[in-house]
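Read the structure below first, then the notes.
The values are calculated or read from the model by the stated rules, or taken from the named source; none is laboratory data. Here the structure is a predicted model, which is why all the values come from computation and not from measurement. In this analysis, Cβ positions are derived from the backbone assuming ideal geometry, glycine residues included, and neighbour counts consider all displayed protein chains. Accessible surface areas use protein heavy atoms only, side chains included; no ligands, DNA or RNA. Shrake-Rupley method; radii C 1.70, N 1.55, O 1.52, S 1.80 Å.
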Amino acid sequence: MSASAPFRLCAVTTDAAAGGRGHTEVALAALAGGVDAVQLRAPGWPAEDLRPLAAVLTAACARTGAALIVNDHPEVAAAVGAAGAHVGQDDDPFAARARLSPGQILGVSAGDLDEVEAAVAAGADYLGVTVWPTATKAEASAVGVEGLGRLSAASPVPLVAIGGVSAATAPTALAAGAAGVAVVSAIAGAPDPVAAARELRAIVDRACAEDPGGAATTSELPPTG
Amino acid sequence: MPDIETVDVVRIALGLAALGVAAFFAVARIRFLARLVLAAQPMPERTQRLGRRVRYLVQHVLAQQKILKWTAPGILHALIFWAFLVSQTKSLEAIGEIFDPAFSLPGFPAGATQTGVLGFLQDFFGLVVLVTIAGFAIIRLSQHPRRSGRSSRFAGSNLLQGWYVLIAEFGLLYTAFVLRGVREAKGVLPHGDAAFFSTWLGGLFDGLDPVTLDVLTTAFLVAHIGVLGGFLVFTLHSKHLHILTNVFNVFFARHPKALGKLESQTIDLEEMDEDTVLGVGKVEDFGFKRFLDMYSCTECGRCQSQCPAWNTGKPLNPKLLIMDLRDHLYAKGDAILDGSAAAHARGEDVGERADVDVLNAMLVGDEPGQPDAVIDYDVLWSCTTCGACVEECPVDIEHVDAIVDLRRYKAMMESSFPPEAGAMLRNIENSGDPWGGGAPKRLDWAEGLDVPVVEDRLDPATEYLFWVGCAGAFDDRAKKVTRNVAQLLDAAGVTYAVLGPQESCTGDSARRLGMEYLFQMMAEQNVEILNQIGATKIVTTCPHCLNTLANEYPDFGGHFEVVHHSQLLSQLIAEGRLAPHTDLDQTITYHDPCYLGRHNEVYDAPRAAIDAVAGTQPVEMPRSRNHSFCCGAGGARMWMEEDIGKRVNHDRIDEAIGTEPDVVCTACPFCTVMLDDAAGDRVSDGTIGEGQVRVVDFSQLLADAVLPHQGEDGQGGNGHRAADEHSGDPTDAPAGQQ
């Protein structure tokens, strides 16, 4: 794995069918606003429908140097050459790792120390940690700020805070040990998503520069396998 | 009285000085313009197929083919152009005369036949120019913006420059004729009596002493060279530059014309990295042909006279767009050439500069009315990509390609576009069609019909794949057309099949909005399916689908023979396979859809089909065929609000109503929607009576005449025949319909 976070600010896309902005629209606005990663999250899309969209967004991300992370579909990420894939606890992280090529990033959701250990053993490059409960991730157990700190201290790989992250809460998550943040409605649901992404980017940059106890420690972690 | 030797010395000194000053300024400017065009982005395809380019150049520059389309100014221009070529020999003779009073051009010795012929042509065209100058002056006075405001094609043009050209041409002519008269009086005119007018002028100077004649020569030579040099330097700094750059602009033009396929800069998604710029965000991102376009605009205003945006009160004017880009390019030129524009773009400090405002300017605004934007937001997004400007431009400027390149940058790099178009993009991404109908409903139009649907492979015995298109599948009016066409093909014994749920949007609207990502995604999907099923011949009712399938999909590996239903149906009529007979005694006017007409040059097929319905009385609108006026839906305008000026579809329906028709026929589902809505508005405001004018696809007339049981719903554009019509989420309805 890389010692530093694979990304600091990730925009998660939303589905037009669920009343959100479309994936392309969210991704392009977020990229224009300066995010360094986009997670294509299209629950319910079959892989063959997702592939062309993932290919286009991979190209869009490549243009700004950002990473495209495909949610739930490592085989799609592998086929289109995306930066990586993210899988939940319901999916088998070993199988996901096997589907990705060696240079691709694997993110795994983790909510407790056992899950951290299992995900790292499977070859996760970063862990997604739900800090605050949200409507979109109701079933996921939110670990809270203290829990984030505990998992961060125990994890050899960087953590990315997801769930309820906004311009107001991002500095807290970064200070508590997250190496990066992933946001859904803070960008996809903003009236002006480009401006929202730009604002978040500035906040994340400032937090990472100011707070030696937060993101910076991640890069001091010893590299593993 | 000075002696002849002194006069000779003065003449040589002043003549050389005038030449030197002109040459100094001219060379500096030519160097600037040439370096700038070389600094533009390369366009490799424009330097291929040179033989064809030379042929085109001869037709369009030497033979003035395109400019002659506007008869009166065209003939004047052709005459003054040929006169310009001939007059160069007069000016060369004058320059030679500085040194040698008896000078004649190499190959044209005094008294030789060819010298006489040249002398005749010089005098003849000299007189022709006098007439053309008067003609142009009359045109400029009678069409002055002072009198007709924005409807004048010179609105916004540099009017003084136009007058300067005419006055300078007169000055050149006057000084040249005096010089030639004096030469005749001196007995050293090499052309003999064939130069009939100069010979006659010579009589006026008879009897003057040699020194006086020499003083006259000197005075008029220096004046001639002064006017010539001044004119050259003026030309290099003005709209008159086209006389020097148009040869290049026409030579590098897109063939056969800059319509149909969109040839904005190629975007290869596979090869994308952090240095990739999508579209044009800075003027120097344009390809070199775009720079030549800017150099070559003569501000004649033929484009704006045809533009649907400008003619309905919107801020877009293709001429002013090109002029604004040109003025910005010239202002930024030094910074582009010395590298400080690139440094500034990288965020480096470029020190104190006089042109810092130019460096800081946005090329296109993010909202209407931003003063530091070179091109206003509303200018960019008003374009319907109808191509009237490109069709009209006598110097082959490619406005539509430029506009889409600007849109691409805004849409993909900055995610900035009219927000209401977002619904269309979301629907294409999510449902595969702009309406948001979804694949499962793609066959709703066929309810009750026995329509073959392709599963894995198209049966080789099937003649055509019928590409229904999203409008044809989801818009109520267009669904009726789809049904009619399917039944007409059945009636004529043509075998066809449809893709049904496997069909998706071609991506035309997304591409013309600048969203190349989404377009390429749709193109890849559709080409894959079409190749998979083995499609070769495709028929479609939608000119936008036709244009994309036939002209743009070859770039994605899809090579199909695509015909419009007007072409197929008129062919079936000609072959006797469809025999329409009615006693329909109605006046019919046909509206040429931009993407069928100008973009794909299908003008006669729909007219032939309409004519075949016995009893119809065709009547043409004032703006028809390649001069047709857009319905307002192209260029993704279908999906945007239209709240500036008069609605384009209202302008067009008013023109159609002016022909007092019973029926307005179109051949495009988007045109049908726009014009039918506009006709409805004109019923509401009382301009026409209910049912007085119906708007239908031309195929409706054939369906009425050929198919049984059409009577009950054949009379209205809104007959609801198809069962279970889909009506999408109202928020996703096309903005153009609201």
Need one value for A:49-56: mean number of C-beta atoms belonging to other chains within 10 Å of its residues' C-beta atoms. 5
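In deg cm²/dmol, rounded to 500, what helix-only [θ] at 222 nm does chain B give when every DSSP H run of at least 4 residues adds -39500 (n - 2.57) and the total is split over its residues? Kindly include the intermediate steps, with their values, before the conclusion.
Working: 28 runs with 359 residues, N = 738.
So the helix-based figure for chain B works out to -15500 deg cm²/dmol.
Whole-Å semi-axes of chain B's equivalent ellipsoid, largest first, each the root of 5 times a Cα gyration tensor eigenvalue?
For chain B, the ellipsoid semi-axes come out as 57, 30, 22 Å.
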Per the 1/(1 + (r/R0)^6) rule, R0 = 25 Å and r from the Cβ atoms of B:I688 and B:E641, FRET efficiency to 0.05 is 0.50
Using a 1.4 Å probe over the heavy atoms of the protein chains, calculate the carbon and sulfur portion of the accessible area of region B:440-502 as a whole percent. 48 percent
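Determine the share of region A:9-217's accessible area contributed by carbon and sulfur atoms, expressed in whole percent, with a 1.4 angstrom probe. Don't skip to the answer; put the middle values down first.
Details: 4100 of 7590 Å².
C and S atoms contribute 54 percent here.
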Could you tell me how far the Cα centroid of region B:8-33 sits from the Cα centroid of region B:399-473, in Å? 61 Å
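Rg over Rh of region B:66-224, using C-alpha atoms and the Kirkwood radius, what does it come to? It would help to have the intermediate numbers written out before the result.
Numbers: Rg = 18.1 Å, Rh = 17.0 Å.
Here Rg/Rh amounts to 1.06.
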Taking 29 Å as the cut-off for C-alpha to C-alpha distance, list the pairs among B:K66/B:K319; B:K289/B:K646; B:K261/B:K319; B:K239/B:K314; B:K319/B:K410; B:K90/B:K289 that go past it. B:K289/B:K646; B:K90/B:K289
Over the whole of A:16-26, what's the average partner chain Cβ count within 10 Å per residue? Rounded to a whole number, please. 6
Over all residues in B:420-433, what is the mean tally of Cβ atoms on other chains that come within 10 Å of each residue's Cβ? 4
In vacuo Debye sum over C-alpha of region B:153-232, base-10 log of normalised intensity I(q)/I(0) at q = 0.26 Å⁻¹, listed in q order, is -1.16
Taking max minus min of the Cα coordinates of region A:9-217 on each principal axis, largest first, gives extents in Å of 40, 38, 30
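If you average over every viewing direction, what projected area does the convex hull of the Cα atoms of the protein assembly as shown give, in nm²?
Average of the hull's projected areas for the protein assembly as shown equals 47.7 nm².
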When chain A is treated as a GNM, springs tying every alpha-carbon pair under 10 Å, which of A:L28, A:L106, A:L40 comes out with the largest mean-square fluctuation? A:L28
Residues whose placed amide H lies under 5 Å from that of A:A67, excluding near-sequence neighbours: A:A37, A:V38
Under 4.7 Å Cβ to Cβ, no partner at all: give me those cysteines from chain B, in residue order. B:C297, B:C300, B:C307, B:C383, B:C393, B:C470, B:C505, B:C665
Phi-derived 3J(HN,Hα) across region B:498-509 with the Karplus relation (6.51, -1.76, 1.60, θ = phi - 60°), rounded Hz, x for Gly and Pro, is 10, 7, x, x, 7, 7, 9, 3, 5, x, 3, 5
Please report the base-10 log of the normalised intensity I(q)/I(0) for region B:282-387, using a Debye sum with one equal scatterer per alpha carbon and no solvent, at each q in 0.22 (1/Å). -1.23
Rank-order A:58-64, B:59-65 by packing density, defined as the average count of other C-beta atoms within 10 Å over each peptide's residues, highest first. A:58-64, B:59-65
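So, R0 is 41 Å and r is the distance between the beta-carbons of B:V27 and B:R147; what FRET efficiency does that work out to, to 0.05? Numbers along the way, then the final one.
Numbers: r = 41 Å, r/R0 = 1.00.
Once the sixth-power term is evaluated, E becomes 0.50.
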Okay, helix-only estimate at 222 nm for chain A: each DSSP H run of n ≥ 4 adds -39500 (n - 2.57), divide by all residues, round to 500 deg cm²/dmol; what do you get? -12500 deg cm²/dmol
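Determine the total buried accessible area between chain B and chain A, counting protein heavy atoms only with a 1.4 Å probe; round to the nearest 100 Å². Walk me through the numbers on the way to the answer.
Values: alone 29150 and 9520 Å², together 36870 Å².
Summed over both sides, the interface buries about 1800 Å².
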per DSSP, antiparallel bridges as share of beta bridges in region A:9-217, % nearest 5, sits at 0 percent
Amide H within-cut-off set for A:H73, under 5 Å, with H built and near neighbours excluded: A:H86
Of the peptides B:313-324, B:12-23, how do they stack up when ordered by the mean number of other Cβ atoms within 10 Å, highest first? B:313-324, B:12-23
Considering only DSSP states other than H, G, I, E and B, which GluC sites (Glu not before Pro) in region B:269-335 qualify as loop sites with at most 10 other Cβ atoms within 10 Å? B:E274
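Leaving out ligands and nucleic acids, note down the accessible area per residue over chain B with a 1.4 angstrom probe, in whole Å².
Values: 28260 Å² over 738 residues.
For chain B, the solvent-accessible area averages 38 Å² per residue.
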So with the 1.4 Å probe, I'd like the accessible area per residue for region A:9-217, rounded to whole Å². 36 Å²
Other-chain or far-sequence residues with amide H under 5 Å of B:V498's (modelled H): B:V453, B:V454, B:F466
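Leaving out ligands, DNA and RNA, what percent of the accessible area of region B:41-106 is carbon and sulfur, probe 1.4 Å? Write down the numbers at each step before the final one.
Numbers: 2410 of 3450 Å².
Heavy-atom surface of region B:41-106 belonging to carbon and sulfur, 1.4 Å probe: 70 percent.
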